[in-house]
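Some notes on the structure that comes next.
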Amino acid sequence: MTAPALRFRNVGKIYRRSHLGRLTETVGLTGLDLDVEQGEVFGLLGLNGSGKTTAIKLLMGLHLPTTGDIEVLGKRVPNVDVLARIGYAPEAAYLNRSLTGREHLRLFAALSRVPAQGREAKVSGMMAQVGLAHALDKRLSEYSKGMLQRASLAQALIHDPELVVLDEPVTGLDPLAIKEVRTLILWLKGKGKTVLFSSHDISEVEKVCDRIGILSGGRLAKTMTQSQWRQKPDTLENVFAATVKRTDGVGEIRLD
Amino acid sequence: MGTIKAVFTYTFREHVRHKVWLSSALFGLVLIMGGMIVSALAAEERGRILLDLGLAANETIALISIVFLTVHLILQEIETRAVFLILTHPVVRWHYLLGRFLGTLAAVSVGLAAMGIIHWGLLHALGWGGEGSYLVAWLCSFGKVAVMGALALLLSLALTSEAAAMSFSSFFWILGHFTGEIRFVAEKSGSPLMRSVLLAFLNIAPDFAHFDYRNAWHIGTIDPHWALAATAYAVAYAGACFILSVQVFEQKEF
C-alpha cells in the first residue's frame, strides 16, 4: 500500500482582513479531509468561492492553513523541496510578458532544478510538445491567450513532475483547446502521474477523472468515483446541483 | 545559488527591455544642454561646473531609477501574479528577493556606469585629469544607490502601496543628506519630544555623510579608514534593510 500523493487532514483556512481597526473574517475552507492516491486523476468541483483555489494554494504553499495538516508526496507542506516534484498551472497564465518563450521556460527549468546539462534541449523539446516551437523566440507579450496557456502548461511540465496541479485548466479555452487539455490529462495519467484539477465544467470532469470531490461553502460535501457517475447520464450534474449551494450572494434566475 | 542566478538574469533582462538605459540618454542630454549653458555663462570655470553638475545629475538619475524600480519590483509581480508561479517552484523566498534586488541594482549600476563614461569622456575632452577621483565619486554614488534600493524594497513590502513607498523613500533620501543638520537641531532642541523624534529619524534614515567624497578630493588621497567605513556602512544598512524585507516577505500569502 503506497502513501497517498496528497493528504488533507482537517484543513481549514480563515482569511482575516483588518481595515481601519475592524477585523473581518472569511472562511475559505473548513475541516477538509481528503486523500488523492498516486496515479489518480482527481477533480475538485465547486462553484465560485467554494474553496477550490484555496485548497490548491494551500498545497502549493502560497497560503498557510489556519488549522490542520497537508502532506504532499509524503512531506508535510509548506516544503520547498517537495515543490520540485509538483507541476502547477494556475487558472490564468501569470507570466512575465517581457521574456521570450525560450527565456521563460529556461527560467522555470532552472527554478525547478532541471540540470544545466541538457536544459536547453529540454526547453526546446517542451515548447515543441505544447505546439509553440515556432514561437520560441517571440516575446510572451506577442502571444495569444491560447499560446500563453500552453506556455503556462509547459512550465508546469518541464521538470517531469510526479504530481500535476491544474487550476481551472479549461476555463476560457476554445473547444479544440479543451480537447487538447483533456488529451494531455489522460496522457499524464498514462505516464503514471497524479493529476489534481479544479473545474466548473462538469462534462470535462466526467470524461477524465477517476474520482471527484464537490466543494461547497468551503467544505468537502461529497466524493464520488467514476463508476458512480458512469451508470446513468447526467448523474454527476444532478448530484452536483443537489449538493452545492450558492455562497456568492446571488439568487437564482426566475423564469416567471 | 542557481535560483538567485536565474532570478537575477531575468530581472536584469526585464529592466533592460523596459529601457532603463534611457536614463543614460536623458543624462547625456542634460549634460550637453547644461554644458552649453554653463560654457556660455562661466567660460573660465567650465570644467569645474561641468564636473559638479555631471556628478549631481548622474547620482540623482541613478537614485530616482533605483527607487522607482525597486518600489515596483515585487509589488508589480504581486499585482500581475507572476510571483505565484515563481513561488510554486522550489524557490526559497529570500533567494527570490535577493535575485530581484541584485538584478535591479546591476541594471541601475550599468546605467550609472554608462552615464559616468559619458561624463568622464566630456571632462577628459575639456582637459580634466582627475581620473582616480572620479572613480571614488562613482563608487560613493553606487553606495548610495545600494542603500536607497534596499530601503525602497523594505518600504514597498512593508507599506504595500507604491505611492506610499515612493513618498517615504523620497523623504528618507532627502533626510539622508541632512543628517548633520538634524543632529545639530536635535542637540540644540529644548523639547525632549522633539529631540526624541529627530533622533529616531536619524537612526532610521540613511546617513549619506558616509559617502561624501569631497573630503577625499580635498586632501588629495583616499583615507583607507574612510573607504572601509563607507563600505561597511553601505553593506550593513543595505543588509539590515534586506533582512527586514525578507522577514516581511516570508509572512506574505499570495
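Rounded to the nearest angstrom and listed largest first, the equivalent-ellipsoid semi-axes of the range B:43-123 from its Cα gyration tensor are 38, 11, 7. When +1 charges are put on Lys and Arg Cβ atoms and -1 charges on Asp and Glu Cβ atoms, the dipole computed for the protein assembly as shown relative to its Cα centre reaches about 780 debye.
Placing unit charges on the Cβ atoms only, positive for Lys and Arg and negative for Asp and Glu, gives chain A a dipole magnitude near 480 debye about its Cα centre. Ellipsoid semi-axes for the range B:1-100, based on the Cα gyration tensor and the rule √(5λ), read 40, 12, 10 Å when sorted largest first.
When DSSP assigns beta bridges and you keep just the ones with both residues in the range A:126-256, what percent turn out antiparallel, to the nearest 5? Counting only bridges with both partners in the range A:126-256, antiparallel ones make up about 55 percent.
Shielding by partners for peptide B:79-86, expressed as the average number of C-beta atoms from other protein chains within 10 Å of each residue's C-beta, is 6. In units of the compact-protein estimate 2.2 N^0.38 Å, the range A:65-208 shows a Cα radius of gyration of 1.06.
Positive end of the dipole of chain B (Cβ unit charges, origin at the Cα centre): among B:Pro90, B:Phe172, B:Ser245, the Cα lying farthest that way belongs to B:Pro90.
Its convex hull of Cα atoms gives the range A:160-256 a direction-averaged projected area, equal to a quarter of the hull surface, of 8.1 nm².
Across the range B:160-254, the mean sequence separation of Cα contacts (distance under 8 Å, 6 or more residues apart), normalised by length, yields a relative contact order of 24 percent. Our summary gives the range B:1-103 a relative contact order of 56 percent, counting only alpha carbon pairs under 8 angstrom and 6 or more residues apart. Normalised by the number of residues in chain A, the mean separation of alpha-carbon contacts (under 8 Å, six or more apart) gives a relative contact order of 25 percent. With the biggest extent put first, the Cα atoms of the protein assembly as shown measure 97, 60, 54 Å across the principal axes. Placing +1 on the Cβ of every Lys and Arg and -1 on the Cβ of every Asp and Glu, with no other charges, gives the range B:1-154 a dipole of roughly 520 debye about its Cα centre. Classified by the C-alpha gyration tensor, the range A:186-236 has an oblate form. Its axis ratio a/c, with a ≥ b ≥ c, is 1.5 or above, and a/b does not exceed b/c. Between the listed residues B:Leu55, B:Val136, A:His63, the Cα displaced farthest toward the positive end of the dipole of the protein assembly as shown, a dipole computed from Cβ unit charges relative to the Cα centre, is found at A:His63. Each of B:Lys19, A:Lys75 was scored by other Cβ atoms within 10 Å of its Cβ. Listed from fewest to most, they are B:Lys19, A:Lys75. Per residue, the Cα convex hull of the range A:1-48 amounts to 96 Å³.
Report the residues of the range A:80-103 in range of a label on A:Ala3: point 7 Å along Cα→C-beta, backbone N strictly under 12 Å from it. From the range A:80-103, the list is A:82. Once a ≥ b ≥ c are taken as the square roots of the eigenvalues of the Cα gyration tensor of the range A:1-103, is the result rounded (a/c under 1.5), prolate (a/b larger than b/c) or oblate (a/b not larger than b/c)? Verdict is oblate for the range A:1-103. Note on B:Phe178 and A:Asn48: with the Förster distance fixed at 30 Å, the Cβ-Cβ geometry gives a FRET efficiency of about 0.05. Given R0 = 60 Å, the distance between the Cβ atoms of B:Met1 and A:Thr26 translates into a calculated FRET efficiency of 0.90. Along the axis of the charge dipole computed for the range A:74-218 (Cβ charges of +1 for Lys and Arg, -1 for Asp and Glu, origin at the Cα centre), the listed residues A:Leu166, A:Met147, A:Gly190 are led at the positive end by A:Gly190. All Cα-Cα distances of chain A, cut into 5 Å bins from zero to the largest, leave 1, 6, 12, 16, 18, 16, 13, 9, 6, 2, 1, 0, 0, 0 percent in each bin in turn.
Each of A:Phe42, A:Phe8 was scored by other Cβ atoms within 10 Å of its Cβ. Listed from fewest to most, they are A:Phe42, A:Phe8. From the Cα gyration tensor of the range B:92-183, with a ≥ b ≥ c the square roots of its eigenvalues, which class applies: rounded if a/c is under 1.5, or else prolate if a/b is larger than b/c, or else oblate? Judged from the Cα gyration tensor, the range B:92-183 comes out oblate (a/c at least 1.5, b/c at or above a/b).
With R₀ fixed at 35 Å, the C-beta to C-beta distance from A:Ala116 to A:Glu37 puts the FRET efficiency at about 0.55. Going from the fewest other Cβ atoms within 10 Å to the most, the residues B:Leu202, A:Leu196 appear in the order B:Leu202, A:Leu196. Give the residues of the range B:114-155 whose amide nitrogen is closer than 16 Å to a point set 7 Å from the Cα of B:Ala227 in the direction of its Cβ. Output list for this probe position: B:131-143.
Backbone amide hydrogens, once placed in the peptide plane, bring A:Leu29 within less than 5 Å of A:Lys13, excluding anything fewer than 5 places away on its chain.
When only alpha carbons of the range A:39-96 are considered, Rg and Dmax amount to 12.3, 34 Å. In whole angstrom, note down how far apart the Cα centers of the range A:155-228 and the range B:172-198 are. One Cα centre to the other: 62 Å. The translational diffusion coefficient of chain B, from Stokes-Einstein at 4 °C and 1.567 mPa s with a Kirkwood hydrodynamic radius over alpha carbon pairs, comes to 66 µm²/s.
Just so you know, all these numbers are worked out from the coordinates, no wet-lab data involved. Computed from a prediction, not measured in an experiment: that's the story for all the values here. Here the Cβ is made from the backbone with ideal geometry for all residues, glycine too, and neighbour counts use every protein chain on show.
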